[in-house]
Amino acid sequence: MVISSSWSSSPGERQWLSLVGVIWLQSISGTNTNFPAYSSQLKDALSVSQLQLNNLAFASDAGKLFGWVSGLAAVYLPLWLVLIIGSALGLAGYGVQYLFLTHQFASLSYWQIFSLTVLAGNSICWINTVCYVVTIRNFASFSQVAVGLATSYQGLSAKIYTVIVEAVVTSAAPFNKAETYLFLNAVVPLAVTVLVAPFVGRDAASSIKKIGAGLIVMFFISASTGLYAVISSLSSILGSFSPVVKAICMGVFLLAPLEVPIAEKFRQMVSSRKWVLKTNEIKVHDVDSDVTEEQSYSSEIGLENGEGGKDMTDASGISADEVNQIDTIEEIGVSSMVKRINFWLYFFVYLFSATLGLVFANNLGQIAESRRYPKASALVSLSSSFGFFGRLLPSLVDYLLQRYKRTTSRPMSIAIFTAPISASFLLLAISSSAASLYLSTAIIGLCTGAIVSISVSTTTELFGTKHFSVNHNVLVVNIPIGSFIFGYLAAGVYRQEAKGRGGICMGMNCFCKTFLVWGALSFAATVLASFLTYRTRKFYSCK
């Protein structure tokens, strides 16, 4: 409560603090990416087959099937309470599994573990929903920029948890590391939620005079954080650094975004002191200005609701009304949305692009093994790193365009990023070189991250902001659906090629047919996204 009261004097400070809080939440919300760290131990403890283990991997994504519940909760409950519920679900899902691995429970059945994994996966939806809603509300004129900045940090979740585990676990025993991953997945989101809930759960003004400079600083900090994450993963460069030093450095980078709200606080303190030093005549004027300033903040808040304020613009000269006219067709609820052709076009575009990219990342280990590539972890790191920058890239482009009073269609942006995914799958199908594997993995990671970032603004552009929390959670239902269908299709081709070889497939044939099918589907996504762009009649706007 001390944090909340000390930073409650200015909507501008609360706005930047809310973004910092969302960044921290996104940094620790990707708990499902840690599943490979303890999946083998669960396999041994439960005595399950590889196929059943794959079902547990699917269970984490299956939690998104119930993500719409968190969307409804965000409409009717305070956002801080939605955050608490989400972190509590994660505490239950991961915490019970942790107690099982530490032998606090005599036994858990396979389906009990499956249900707990679904519950833990669903907890991520609650946290993400709050992050999206807070960012869109508090940065209405720069929603794509702010959302992209914040969500890019989710790509670093696996890296952050790994750094912590390496710092606190001195033993190299996989058993101890698995316990630590589960324990951190259970308690870290709850701890961060309690820390940031006071200033994330409150709305702030949507216009700051220095918002442009603040976003530039945020871009620089985000890019620096991602660069450090990549470099620190290369043991050949930082091999002499201890795990504790790496963890401290990562902590410093995560604290760095606080520079912006601190700078805003300092700027306002300096401005207040200047007012005090003015003459009596100016002081009288300042008293009047204080009143008008409060009225100004009310006008800004009213502007979000469509009330007046034609002269209220942000640093780029674009008013919130103008942005809403560009980015929103109409306000549509779920019942109306699922009846629209545009929704189903959008649904299959996401299914055949971003979801395919996520399935590809989940299969990188087997792909590397089939091609006799020993460094599967390097591929995973490469995919994650480029995914981080992919999430960040649309925000940077959108910010630059808005500064010049221009904007592009979100469906068209998705179409631009789906084409390289199709080409990358084709390259993997026809080339067995390590260079093609590296290049394709980097491109797919980059484009998948970009589409995930763009999708938030696409949902608001197509269906409005009023019902966003429910609409977007309905959209991402395609992730568990795609994970199940595409994952099992790939596994089926792999098993067919592995017949008579002891269940292990080696060579190009293991995934060649899969890559051809995935390439055709991602090309279909490009066509569908282009058709969706045509239907919305919005390609490029210049004011």
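Show me 467-478, 24-35 ranked by packing, highest mean number of other Cβ atoms within 10 Å first.
Numbers: 467-478: 22.3, 24-35: 23.8.
Output ranking for 467-478, 24-35: 24-35, 467-478.
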So what are the ³J(HN,Hα) numbers for segment 387-394, from phi and the Karplus equation (6.51, -1.76, 1.60; θ = phi - 60°), rounded to whole Hz, Gly and Pro as x?
x, 4, 5, x, 5, 7, 4, x
Can you compute 3J(HN,Hα) from phi for each residue in segment 121-126, using the Karplus curve 6.51 cos²θ - 1.76 cosθ + 1.60 with θ = phi - 60°, rounded to whole Hz and x for Gly and Pro?
x, 5, 4, 5, 4, 5
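Based on Cβ point charges of +1 for Lys and Arg and -1 for Asp and Glu, what charge dipole magnitude is obtained for segment 332-542 about its Cα centre, in debye rounded to the nearest 20?
Details: 18 positive and 4 negative charges, 66 e Å.
With only Lys, Arg, Asp and Glu charged at Cβ, the dipole is about 320 debye.
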Sort the following peptides by mean Cβ neighbour count (other Cβ atoms within 10 Å, averaged over residues), highest first: 176-182, 218-224, 384-390.
384-390, 176-182, 218-224
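What percentage of the solvent-accessible surface of segment 11-137, computed with a 1.4 Å probe over protein heavy atoms, is contributed by carbon and sulfur atoms?
Solvent-exposed carbon and sulfur of segment 11-137 make up 66 percent of the total.
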Heavy-atom accessible area of segment 332-542 with neighbours in place, 1.4 angstrom probe: carbon+sulfur share in percent works out to 67 percent
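The values are calculated or read from the model by the stated rules, or taken from the named source; none is laboratory data. Just so it is clear, the structure is predicted and the values come from calculations on it, not from any experiment. Cβ coordinates were reconstructed from backbone atoms using ideal geometry, including for glycine residues, and neighbour counts include every protein chain displayed. The accessibility values were calculated without ligands, DNA or RNA, using every heavy atom of the protein model including side chains. Shrake-Rupley method; radii C 1.70, N 1.55, O 1.52, S 1.80 Å.
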